[in-house]
Every structure is written in structure tokens, then in C-alpha cells.
Amino acid sequence: MFKTAVGNIALIPLKITAKEGSISKRFEFTLTANRKSIAPVRNGDQTGRDFLLENITDWGNQRLVLLENGEPAPFTREGFEYMLDELSLEAIIFSAYVRECGGKEKN
């Protein structure tokens, strides 16, 4: 059996811009993820959304999803589902996951 020479936990930095009327608001935060093969998504056995829900385990400095009192929401599956669904971030987060969990060429 094989394994990689890097750990199975990855930090995924995100920079998101969302419009509020004519004003663009910028949000920067990190997601903590299990590093896994995206083969189930590529093969059509799993959706990107289900893959993310299974492998994203935490967020840091997140101020995009708030509680009713205006405080940043702690990470929960429900909060993350809200981020994916209500804020339409599934494709952005999946792309960032692939970019950060894979290898990169360095000169």
C-alpha cells in the first residue's frame, strides 16, 4: 500500500468577495480539511458538495456566516452547509481544496 510524504490535514486559505448592494465586502478565512483523493468526485461517485461536507472539519477567522446576534458562527456542519448553499461557494471552495491539497511546481 502507498501513502504520501505529507500529512493528511491541509489548511485552505480563502479570499471571498461578496456584494452588499453596490459595495463589495472582502472576507479572508481558512478551512481545515482532510487531504483525500478527489477520485470519487472525478468518477461521478460523489458530488463536490458531499466531498466537502465529508472532508472540511473546521474554519478559522471566519466572519462570513454569522449567528443571529451578529457574532461569527463557530464551525458546524449546518453552518458549513449554509456557506455552501446560501452563499453559493461550493465551486470556489472545491477549487481551493484541489489547489491547496495537490502538489505545486516551484522554480
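Using amide H atoms built 1.01 Å from N in the peptide plane, name the residues 5+ places from residue 73, or on other chains, whose amide H lies under 5 Å from its own.
65, 66, 67
Counting only pairs 8 or more residues apart or on different chains, how many lysine pairs in the chain have their Cα atoms under 20 Å apart?
Close lysine pairs under the 20 Å cut-off: 5.
What is the ratio of the Cα radius of gyration of segment 9-101 to 2.2 N^0.38 Å, where N is its residue count, to two decimals?
1.09
Taking the Cα centre as origin and putting +1 on Lys and Arg beta-carbons and -1 on Asp and Glu beta-carbons, what dipole magnitude results for the chain, to the nearest 20 debye?
Using only the charged Cβ atoms, the result is roughly 640 debye.
Nearest 0.05, what FRET efficiency do residue 86 and residue 42 give at R0 = 25 Å with Cβ-Cβ as r?
The pair residue 86/residue 42 has a calculated efficiency of 0.40.
Using DSSP loop states and a limit of at most 14 other Cβ atoms within 10 Å to flag GluC sites (Glu not before Pro), what is the longest stretch of the chain containing no flagged site?
By the stated rule (loop sites, at most 14 other Cβ atoms within 10 Å), 1-67.
Using the Karplus equation 6.51 cos²θ - 1.76 cosθ + 1.60 (θ = phi - 60°), what ³J(HN,Hα) coupling, rounded to whole Hz, does each residue of segment 33-43 give in order, writing x for Gly and Pro?
My calculation for segment 33-43 gives 9, 6, 7, 9, 5, 8, 3, x, 6, 4, 7 Hz in order.
Run the quick spin-label model on residue 30 and residue 6: label points 7 Å from Cα toward the beta carbon, then report their separation in nm to one decimal.
Distance between label points: 1.4 nm.
Rank 83, 30, 66 by how far each Cα sits towards the positive end of the charge dipole of the chain (+1 on Lys, Arg Cβ; -1 on Asp, Glu Cβ) and give me just the farthest.
The listed residue farthest towards the positive side: 30.
Read the figures in this text as sums done on the coordinates, not as results from a lab. Owing to the predicted nature of the structure, the values given are computational and were not obtained by experimental measurement. Note that we place each Cβ from the backbone using ideal geometry, even for glycine, and neighbour counts take in every protein chain shown.
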